[in-house]
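Below is one structure, written out as structure tokens; comments come after it.
The values are calculated or read from the model by the stated rules, or taken from the named source; none is laboratory data. Computed from a predicted structure; not experimentally measured. Neighbour counts are summed over all protein chains in view; Cβ atoms, including those assigned to glycine, are modelled from backbone coordinates with ideal geometry. For accessibility, only protein heavy atoms count, side chains too; no ligands or nucleic acids. Shrake-Rupley method; radii C 1.70, N 1.55, O 1.52, S 1.80 Å.
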Amino acid sequence: ENNVQNDLSVEQLKFLNEDTFFGNEKTPLSYVMGVMNMILHKIEAPNISKANTLTKDIRGLEEKDRFDYIIANPPFGGKEKSQIQQNFPIKSNATELLFLQHMMSSLKLNGKCGLVVPEGVLFQSNNAFQSVKKDLLERFNVHTILSLPSGMFLPYSGVKTNVLFFDRSGSTSDIYFYEVNPPYKLTKNKPILFEHFKEFLECWGKRKLTENSWVVNVSDVKDYDISAKNPNKIETIEHKSPIELVENIKGNNNEINGLMDEIETVLIGKDIDE
């Protein structure tokens, strides 16, 4: 990136340094690491604040306060008090739902967002979750959902997560799903690798269908459940006829009777020996 910066004009460098990257971090150590990382990448005056993002009242945001691109892996599984919840149109104590609302409100017209969320956000159907997802699908274009395997964030969390990609460019018509399937179970010592995303990166732009990808029309979404259910991997259920079921039961009973006879023989022999 240093070579790229060397080719920029003074105006472009000023824009890169002062008006391009913005962020908040609540934890002191992470905040210091983030600032140092920016400085090491030659952003000498980083727009990173040590703050809890959720203390901002999103209902008062104007277009000038919003951003063109938002990339985030916000905290999830936490609980926020009612004082924080007052900053959001849809009240919830779940941090992941509050952060999702924050990102939605912070996106400029035609802006783009990539956001890591836990699986629960996609399938949970209580009032708050349904209301936020209804708003998301109706006011934003959720064009892609990347389903990640469990263990992505070990050792910190084993929760299954997804990446939501949405634009502020109209409502959602259909969603391209892609399920990342590493050839092994992820552990602390066997993490996800970049190569596991190779097919996704090749396919998502053209919405190419593979064994790991499929498209869902928004009209087919029930109860705002947008969790990944790969139709290519649904196991067929073998339906047996009533006669076959009766024969199976008789066979099982015969096997049980045989085993009981053996146990009885062993017990009788033991009594004779004693």
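Can you report the number of residues in region 124-151 which are crowded, with 18+ Cβ neighbours inside 10 Å and in contact (Cβ under 8 Å) with a residue 12 or more places away in the chain? I'd like the intermediate steps shown before the answer.
So in region 124-151, the residues crowded, with 18+ Cβ neighbours inside 10 Å come out as 124, 128-129, 132-133, 136-137, 140-148, 151.
Next, only the ones that are in contact (Cβ under 8 Å) with a residue 12 or more places away in the chain stay: 128-129, 132-133, 136-137, 140-148, 151.
Count: 16.
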message = Tell me whether region 176-198 contains one or more residues that are surrounded by fewer than 19 Cβ atoms within 10 Å (Cβ to Cβ), β-branched (Val, Ile, Thr), over 17 Å from the mean Cα position of the chain (by Cα) and not in a helix (DSSP H, G or I).
response = yes
inquiry  = Going by what's in this entry, would LYS222 be described as farther than 29 Å from ALA128 by Cβ and either open to solvent by 60 Å² or more (accessible area, probe 1.4 Å) or assigned to a strand (DSSP E or B) (or both)?
reply    = no
query = assigned to a strand (DSSP E or B), hydrophobic (A, V, I, L, M, F, W, C), open to solvent by less than 10 Å² (accessible area, probe 1.4 Å) and in contact with a strand residue (DSSP E or B) (Cβ under 6 Å, 6 or more places away or on another chain): does that describe VAL117?
reply = yes
key: region 199-215, residues that are more than 15 Å from LEU148 (Cβ to Cβ), open to solvent by less than 40 Å² (accessible area, probe 1.4 Å) and not in a loop (DSSP other than H, G, I, E, B)   = CYS203, TRP214
message = Looking only at region 62-91, count every residue that is free of Cβ contacts under 8 Å to residues at least 40 places away in the same chain and in contact with a Pro (Cβ under 7 Å, 6 or more places away or on another chain) and tell me the total.
response = 0
task = Filter region 158-169 down to residues that are surrounded by 18 or more Cβ atoms within 10 Å (Cβ to Cβ) and of a type in the set (Gly, Ala, Ser), then give me how many there are.
result = 0
ask   = Of these, PRO231, PRO183, which one is out of contact with any helix residue (DSSP H, G or I) (no Cβ under 9 Å at 6 or more places or on another chain) and modelled with pLDDT under 95?
value = PRO231
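Those residues that are under 14 Å from VAL121 (Cβ atoms) and more than 18 Å from the chain's Cα centre (by Cα), I need them from region 70-92; list them, please.
ILE90, SER92, listed by residue number.
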query = Can you pull out the residues in region 234-274 that are modelled with pLDDT of 80 or more and among the acidic types (Asp, Glu)?
reply = ASP261, GLU262, GLU264
task = Please state which of the following conditions THR172 fails to meet, knowing it meets all the rest: (1) free of Cβ contacts under 8 Å to residues at least 40 places away in the same chain; (2) of a type outside the set (D, E, K, R); (3) surrounded by 13 or more Cβ atoms within 10 Å (Cβ to Cβ); (4) closer than 25 Å to GLN101 by Cβ.
result = (1)
